[in-house]
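Here is the structure we will look at.
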Amino acid sequence: MQTEGRYTDALSRIDEAIQRCGQLQQSLAEPGERPNCKEIVTSFEPPLRPFPALLRSSCASIEAELSGYQENIEEYLRLLDNAVVEYRAVHALRPSANPGFLQLRQLCSAMADRLESRSHNFEPMLRNVRYMAPSGDKILIIHGRNEGSGAN
């Protein structure tokens, strides 16, 4: 959806996914008395841990894109930085040797690095932005070329 520019739909779906992750994590925290439940929780819980951070950071990244399309560079950079913080939150999670967990953590780190790089590339634009409030009620429209020929 994000690739297609359907940002509002993507944000809505991400919110749903965050809620479902929370519900799933809660149900895994209370596995019940069945003998196989502990084994199932042990295998599913670690790769699930990074998903809330991954989803929150995706949401922040989409919000940054929306702001960028509206040419609000300052807000775009703030939201990019927020997305980086969310992606880096996976490093505060309880570690695991589970391959799924490790891959998701690596993905989050790579995405944080990319967004950080993008933010650094856009920062010079922020310094060059000058907002001018319109004044008066007249409009000047210029049409043509200045070919610099020096013709009188």
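Throughout, read-outs are computed from the coordinates displayed, never taken from laboratory work. Keep in mind the model is a prediction, meaning the values are calculated, not measured. Note that each Cβ is placed from the backbone with ideal geometry, even for glycine, and that neighbours are counted across all protein chains shown.
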inquiry  = I want to confirm something. Restricting to region 52-91 and keeping residues that are polar (S, T, N, Q) and in a helix (DSSP H, G or I), which single residue is farthest from THR8 (Cα to Cα)?
reply    = ASN82
key: Selection from region 61-83 of residues that are touching a helix residue (DSSP H, G or I) at 6+ places or on another chain (Cβ under 7 Å) and surrounded by fewer than 21 Cβ atoms within 10 Å (Cβ to Cβ)   = ILE62, GLU63, GLU65, LEU66, SER67, GLY68, ILE73, GLU74, GLU75, LEU77, ASP81, ASN82
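Sort out which residues of region 92-121 are assigned to a helix (DSSP H, G or I), hydrophobic (A, V, I, L, M, F, W, C) and either surrounded by 15 or more Cβ atoms within 10 Å (Cβ to Cβ) or touching a residue at least 60 places away in the same chain (Cβ under 8 Å) (or both), and write them in order of number. Even if it seems obvious, please write down each step before you answer.
To start, the set of residues in region 92-121 that are assigned to a helix (DSSP H, G or I) comprises 92, 99-121.
Cutting the leftovers down to hydrophobic (A, V, I, L, M, F, W, C) gives us 92, 101-102, 104, 107-108, 110-112, 115.
Within region 92-121, PHE101, LEU102, LEU104, CYS108, MET111, ALA112, LEU115 qualify.
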